[in-house]
Amino acid sequence: MEKPADTSGDILHSLQDTPYACSSVEELCGGSGNATYRGKLSKSLHDGADTVIIKHCEETCPKVPHLALSTNRCITEREILTAIQESPAGRVSHKDVVVKCPRIHHYIPHEKTLILEDFPHDSTLHDWLSNTDADRDATTLAALGEALGTWLMRFHVWSESAAGSLSGAVLANTNSTGKDLNRTKLQAVKRQCDDKKVRDYAADLLSSAPKPGDVVVHGEFSTRNILIQSSLNNPDRPPNCSLAIIGWETACYDLFTRDVASMIAGLYMQKHFSGSESAMTVLQAFVANYPALSEEEAYRTVAQVGENLFHWGAYAPETHTEEQVQTIVEYGKALIIMGMEEDREGVLGTFLRCLLEPAARLDV
């Protein structure tokens, strides 16, 4: 297989004549199809920042060498992050929580390389919530969930109105990266479930073309794509949290419930695999602060949450048990059937009752 062109030396060379010249770079984990680095700037930026994130879009994935990846995702990420800065979703403040998106500093089109704002952070929100040894304040956890619900609502409202101006890049990404991602998800369902109804419904859910009513969605909206910086453990500073929404290369056209379901499923899996009650507190507050869904939207979300549970591998720690896997897969199957059949009584018997009965949001 051909070796990727961008080594750390290539990165340093490509930036040497820009304001983002770096004295060194450190390779990071940036997804299966990206070579991602943190660059130490030779000269600090006007805002005092002395590091940037360098994200190079690869056409192949080392884990799946036979899979060709479209570089449309780099263009899509650039266009969305550029447009979102001036939108109501560019920065959202809620109580002591600020939710932001990284700025694009620079773009090298022939190399498909983005230079992005670097956020000082403690960890991903996923890792932060999975640390069950830490003492997490319920009020702060609720504020985090509320802030994410508010941010997602503002993003979806904006993305619906901005869909036209972003249509070229997002449609291309929907037909390339979006299809690749959905194909992988469908294979996960088929591999773990032999129920024809579930498999057929998942195929319909994951194979539909863009249609009226679709908005621009993040595509992989989960705690794994959110960075958190918190001062909660610093007694010399007032308590506050800053969240950064990253991982925009999967943005595509879809129904807005895709993002809602992705976040809910991820938080629930953190509870299931890591015993994180903190994740459930965030989940409750997230649902409570996102606009109430119609019954049709709620049932679709239930089914989409179920479909997401088949992708447990990204959330399960190495210490997970086979019993945990079997339980989450069976629950995913059950939720798909409940959503597909609009089984109200069934849904009301699950943690997703809050989607059908707003009053239940107080008792997740």
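The values are calculated or read from the model by the stated rules, or taken from the named source; none is laboratory data. The model shown is predicted, which means the values in this text are computed figures rather than measured ones. Here the Cβ positions follow ideal geometry from the backbone for every residue, glycine too, while neighbour counts run over all protein chains shown.
Quick check: anything in the range 247-256 surrounded by fewer than 23 Cβ atoms within 10 Å (Cβ to Cβ) and within 13 Å of the chain's Cα centre (by Cα)? Yes, the range 247-256 contains at least one residue that is surrounded by fewer than 23 Cβ atoms within 10 Å (Cβ to Cβ) and within 13 Å of the chain's Cα centre (by Cα).
Only a single criterion out of (1) touching a helix residue (DSSP H, G or I) at 6+ places or on another chain (Cβ under 9 Å); (2) farther than 28 Å from K55 by Cβ is not satisfied by S294, namely (1). If the condition is being farther than 22 Å from L144 by Cβ and surrounded by fewer than 21 Cβ atoms within 10 Å (Cβ to Cβ), then the range 80-103 contributes T82, A83, Q85, E86, R103. The condition of being in contact with a Lys or Arg (Cβ under 8 Å, 6 or more places away or on another chain), at pLDDT below 95 and either of a type in the set (A, V, I, L, M) or not assigned by TED's automatic domain parsing to the domain that holds R191 (or both) holds for only one of A279, A316, A360, that being A360. Counting the residues of the range 283-301 that are of a type in the set (A, V, I, L, M) and either surrounded by fewer than 20 Cβ atoms within 10 Å (Cβ to Cβ) or in contact with a Ser or Thr (Cβ under 8 Å, 6 or more places away or on another chain) (or both) gives 3.
Checked against (1) buried (at least 19 other Cβ atoms within 10 Å of the Cβ); (2) in a strand (DSSP E or B); (3) of a type in the set (F, W, Y), Y107 passes all but a single condition, namely (1).
Let's see how each residue does on (1) in a helix (DSSP H, G or I); (2) touching an Asp or Glu at 6+ places or on another chain (Cβ under 9 Å); (3) in the same structural domain as F273 (by TED's automatic domain parsing):
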{"site": "L114", "(1), (2), (3)": "no, yes, no"}
{"site": "H126", "(1), (2), (3)": "yes, no, yes"}
{"site": "F155", "(1), (2), (3)": "yes, yes, yes"}
{"site": "W158", "(1), (2), (3)": "yes, no, yes"}
{"site": "T177", "(1), (2), (3)": "yes, yes, yes"}
{"site": "Q187", "(1), (2), (3)": "yes, no, yes"}
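Across the range 193-214, the number of residues qualifying as out of contact with any Lys or Arg (no Cβ under 6 Å at 6 or more places or on another chain), modelled with pLDDT of 90 or more and crowded, with 21+ Cβ neighbours inside 10 Å comes to 0. Taking first residues from the range 27-51 that are of a type in the set (S, T, N, Q) and partners that are at pLDDT 95 or above and not in a strand (DSSP E or B), the Cβ contacts under 9 Å between residues at least 6 apart in sequence or on separate chains come to S42/Y20; S42/A21; S44/D50; T51/D118. Looking only at residues in the range 134-175 that are touching a residue at least 40 places away in the same chain (Cβ under 8 Å), closer than 17 Å to N72 by Cα and surrounded by fewer than 17 Cβ atoms within 10 Å (Cβ to Cβ), the one that is nearest to the chain's Cα centre (by Cα) is A163.
Helices (runs of 4 or more DSSP H) fully within the range 250-364 that include at least 1 residues being aromatic (F, W, Y): 257-274, 277-289, 295-309, 322-341. Being of a type outside the set (F, W, Y), in contact with a strand residue (DSSP E or B) (Cβ under 9 Å, 6 or more places away or on another chain), surrounded by 19 or more Cβ atoms within 10 Å (Cβ to Cβ) and under 26 Å from L267 (Cβ atoms) is a property that H121 lacks.
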